[in-house]
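Presented below is the structure to which this report refers.
The values are calculated or read from the model by the stated rules, or taken from the named source; none is laboratory data. All of these numbers come straight from a predicted model, not from anything done at the bench. Quick reminder, even Gly has a Cβ in these numbers, built from the backbone with ideal geometry, and neighbours come from all protein chains shown.
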Amino acid sequence: LVVDTGVAVGHPDLSPNVRADLDWDFLDNDGDPTPNNSHGTSVAGIAAAKGDNLIGVAGAAFDASIVGIRLVDASPTDDQIVDALAFRILDPIVANQAHISNNSWGPSDTSAAVKEALTPAMEAALLAGVTSGREGKGIVYVWAAGNGRNFKQDINYDGFASSRFTIAAGASGGDGFFSFYSEPGASMLVTAPSSFIVGALSRGTWSTTGANNYTSSFGGTSSSAPLVSGIVALMLEANANLTWRDVQHILVATSTKIDLAHTDWFLNGAGNLFNHSYGFGRVHAVNAVTTAATWTNVAPWTMLSGSRSTPENIPDNNATGISQIAPVFSVNDFSVEHVELRVNITHTFRGDLVITLQSPSGTRSVLTSLHTDFADDYDNWLFTSVAHWGENPVGDWTLKVSDEKNLDVGTLNYWSLRIYGTAPQQGAIPTMKVPFFSKP
């Protein structure tokens with residue numbers, strides 16, 4: 001599914017792969033997803049433009065089916081968004097017709113003050129997708145990480161991109177570095193190639209546009225996300241039994257580490273290299289597909305929790321801040337996948353706050369940094385992190401909150417953890433050596 005502004009389904013490089021019987025326009029409530037804005041047409045081309053046809057371009061999965069979903073060609077309602085997330089999932093007659101949902105859209109990137117949480121209905125739709133889609137194996141939701149780095153945006157300010165049910169895809173350029181616009185975040189899983197700047201020139205990616213044209217200037221995380229989606233389609237072609245979580249595990253295990261001189265790279269407690277600007281690295285199609293072919297599915301997920309409800313004032317203009325500990329217990333071996341932190345903080349200028357979470361292994365997730373946001377409070381805000389992937393979560397988790405600008409003050413009232421994971425996988429990751437490059 002290309003959930004976007006719509007898709008020009010008659011484009012000669014897309015039409016051979018288009019499933020016209022499944023296309024849908026949620027804005028006009030009909031089966032014609034033809035857009036006014038070509039954004040979705042370009043997204044579709046990156047993922048699955050037809051290959052070996054002697055014209056135009058080829059998508060990452062050039063034989064995959066394309067389902068055009070017209071949703072963000074105008075401002076959709078929350079109900080329309082929920083319906084698009086659940087499209088072809090819950091009806092048992094068509095429940096296995098949607099496999100991957102690419103979403104190259106999100107809240108405005110032009111201000112870190114723009115923060116959008118999921119409504120309960122949106123979260124329920126994603127949960128239904130990963131539990132009921134693909135006959136119980138789960139829809140694979142891929143989400144653009146966002147283009148607001150220059151405005152100090154963070155993936156954790158977007159409830160969709162930071163959800164544990166989605167793959168947040170950042171962007172990196174042909175120069176081997178993260179793209180100047182690509183947002184960082186503890187919930188970043190991988191990056192993929194997209195537009196970048198060389199000297200004074202912007203280098204974009206070729207894709208489809210309009211009714212029958214092409215563009216060489218498509219880019220942003222809008223382009224990196226469908227490249228990941230196309231690679232996921234190849235993974236599912238190699239092994240249709242992969243669950244949505246297996247896909248994430250494989251991407252974590254097989255992605256290429258780039259820009260190793262970047263100071264944020266660190267080994268987490270499970271020996272996985274992570275960087276808030278790259279996630280676990282740049283997606284590697286050959287490694288991912290090869291690994292998928294012989295992958296042993298991970299065990300069902302379970303959840304551990306911890307919480308702390310000791311209100312404490314946050315000292316003003318003080319980088320030391322306050323730290324609180326919440327212990328996590330488990331009687332069984334446990335390997336972390338996703339960590340969710342829900343916080344309740346009253347504060348008169350929440351952009352002053354820096355929030356980090358440290359695991360018992362010492363891995364530190366940066367959940368929000370100093371930025372301009374005049375709004376009050378984090379009212380039960382949900383932050384997520386994949387930086388602790390594979391760690392043993394048993395022990396003391398430390399939340400640090402600091403106020404690093406003067407005048408405004410606040411209080412940490414309550415926080416809780418939900419840690420999702422499974423029994424450690426034995427022998428699931430092959431002995432393939434994943435390449436490490438300073439530049440690709």
In segment 86-107, residue surrounded by the fewest Cβ atoms within 10 Å (Cβ to Cβ) [restricted to those that are more than 17 Å from residue 125 (Cβ to Cβ) and at pLDDT 70 or above]: 96
Quick one: in segment 1-39, of everything that is of a type in the set (A, V, I, L, M) and assigned to a loop (DSSP other than H, G, I, E, B), which residue is farthest from residue 82 (Cα to Cα)? 14
Mind listing just one residue for me: the one in segment 236-262 that is more than 23 Å from residue 154 (Cα to Cα) and of a type in the set (A, V, I, L, M) and, of those, surrounded by the most Cβ atoms within 10 Å (Cβ to Cβ)? 247
I'm checking my understanding of the structure. Among residues of segment 263-275 that are more than 18 Å from the chain's Cα centre (by Cα) and within 16 Å of residue 170 (Cα to Cα), which one is surrounded by the fewest Cβ atoms within 10 Å (Cβ to Cβ)? 264
Members of segment 373-418 that are without any contact (Cβ under 8 Å) to a residue 60 or more places away in the chain and either buried (at least 19 other Cβ atoms within 10 Å of the Cβ) or under 26 Å from the mean Cα position of the chain (by Cα) (or both): 377, 378, 379, 380
Go through (1) over 19 Å from the mean Cα position of the chain (by Cα); (2) hydrophobic (A, V, I, L, M, F, W, C); (3) within 30 Å of residue 180 (Cβ to Cβ) one by one and return the number of the condition residue 87 breaks. (3)
Filter pass, residue 54 being surrounded by fewer than 17 Cβ atoms within 10 Å (Cβ to Cβ), among the aliphatic types (A, V, I, L, M) and either farther than 21 Å from residue 38 by Cβ or not assigned by TED's automatic domain parsing to the domain that holds residue 183 (or both): yes
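Here is a list: 23, 78, 28, 91. Which entry is touching a Gly at 6+ places or on another chain (Cβ under 7 Å) and either acidic (Asp, Glu) or under 17 Å from residue 226 (Cβ atoms) (or both)?
Only one candidate qualifies: 23.
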I'd like to check something: does segment 84-103 contain any residue that is out of contact with any strand residue (DSSP E or B) (no Cβ under 6 Å at 6 or more places or on another chain) and part of a strand (DSSP E or B)? no
For the list (1) closer than 17 Å to residue 279 by Cα; (2) touching a helix residue (DSSP H, G or I) at 6+ places or on another chain (Cβ under 7 Å); (3) not hydroxyl-bearing (Ser, Thr, Tyr), I need the number of the one condition that residue 220 fails. (2)
